[in-house]
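The values are calculated or read from the model by the stated rules, or taken from the named source; none is laboratory data. Small disclaimer: the values here were computed from a predicted structure and weren't measured. Here Cβ is always computed from backbone atoms with ideal geometry, including for glycine, and neighbour counts include all displayed protein chains.
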């Protein structure tokens, strides 16, 4: 057993030397360009057969060994495409980014920039976490449209960009709702006012209006509550449920206002009584 343990590394070294010798021999029969062409053809064939992982190994080898042969550009692009097809989005974005940086004059450059943005869009996103992935994707799409303003993919870019904006809106909304649930109504109002100002087409706008109305009611600020209820009514006039929602909230505001007035009268009466008691004591 010990003999095997000692001899195993030596056997590995012999095997590695034989492999390198074989490779050297193969390359000796071919020019450097022919060697790289064969490598690329093999990688491209694997790619066509959707054996992306195996293709990546050969493409990485080309990028390491074949500078100046004319196969770097195709290999870099195909490597990015391999990661893209495997839905390995972080790696795909990185490889497309390298391609854009290294081959700005390539006929594949527009495709690479678009797929770089798509890769950014597909990187995992969770509302409760930092939105940096979303902002990176937004910048990628903005850069694409800036570079290719007449692109036939403009509608697709706008679609994806709209989804990214909605992600940002959802994060802001969830923050505001959290403050509301924690009874921090003033903070909720601040976030919701900014949300309604910044996200004009968000699917969360109606919910935002509801919570800001409720927050103002909890703060005993009934006039702003009515104002935002009116704004919601106007914005969602074609919504089948809006009349019910408005009437329910109007009743809640009126009831809360009456309770507030009763509390004020009670507090005023108590203060008056306390003052009289104090005067009588003195």
Check whether at least one residue in the range 202-209 is buried (at least 19 other Cβ atoms within 10 Å of the Cβ) and more than 30 Å from the chain's Cα centre (by Cα), and report yes or no. no
Selected residue (only one of 191, 185, 148, 161 is in contact with a helix residue (DSSP H, G or I) (Cβ under 7 Å, 6 or more places away or on another chain) and surrounded by fewer than 17 Cβ atoms within 10 Å (Cβ to Cβ)): 148
Could you tell me which numbered condition residue 154 fails, if it satisfies all but one of (1) under 30 Å from residue 107 (Cβ atoms); (2) in contact (Cβ under 8 Å) with a residue 12 or more places away in the chain; (3) over 11 Å from the mean Cα position of the chain (by Cα)? (2)
Output the residues belonging to the range 80-95 that are without any contact (Cβ under 8 Å) to a residue 24 or more places away in the chain and in a helix (DSSP H, G or I). 91, 94, 95
Filtered residues of the range 96-138 (kept if loosely packed, with under 13 Cβ neighbours inside 10 Å, part of a helix (DSSP H, G or I) and either in contact with a helix residue (DSSP H, G or I) (Cβ under 8 Å, 6 or more places away or on another chain) or touching a residue at least 60 places away in the same chain (Cβ under 8 Å) (or both)): 102
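With the condition kept exactly as written, say whether any residue in the range 36-48 is surrounded by fewer than 17 Cβ atoms within 10 Å (Cβ to Cβ), at pLDDT 80 or above, at negative phi and not in a helix (DSSP H, G or I).
If we filter the range 36-48 for residues that are surrounded by fewer than 17 Cβ atoms within 10 Å (Cβ to Cβ), which is where we start, we get 38, 41-42, 44-45, 48.
Subsequent filtering for residues that are at pLDDT 80 or above retains 38, 41-42, 44-45, 48.
Retained after the next criterion (residues that are at negative phi): 38, 41-42, 44-45, 48.
Going one step further and asking which of them are not in a helix (DSSP H, G or I), we end up with none.
Checked against the condition, which is being surrounded by fewer than 17 Cβ atoms within 10 Å (Cβ to Cβ), at pLDDT 80 or above, at negative phi and not in a helix (DSSP H, G or I), the range 36-48 yields no hits at all.
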Consider residue 212 against the criteria (1) modelled with pLDDT of 95 or more; (2) surrounded by fewer than 18 Cβ atoms within 10 Å (Cβ to Cβ); (3) under 24 Å from residue 166 (Cβ atoms): it satisfies all of them except one. Which criterion is unmet? (2)
Out of the range 52-70, which residues are crowded, with 18+ Cβ neighbours inside 10 Å and part of a helix (DSSP H, G or I)? 52, 55, 56, 58, 59, 62
So which residues in the range 139-155 are part of a loop (DSSP other than H, G, I, E, B) and under 23 Å from residue 95 (Cβ atoms), if there are any at all? 148, 151, 153
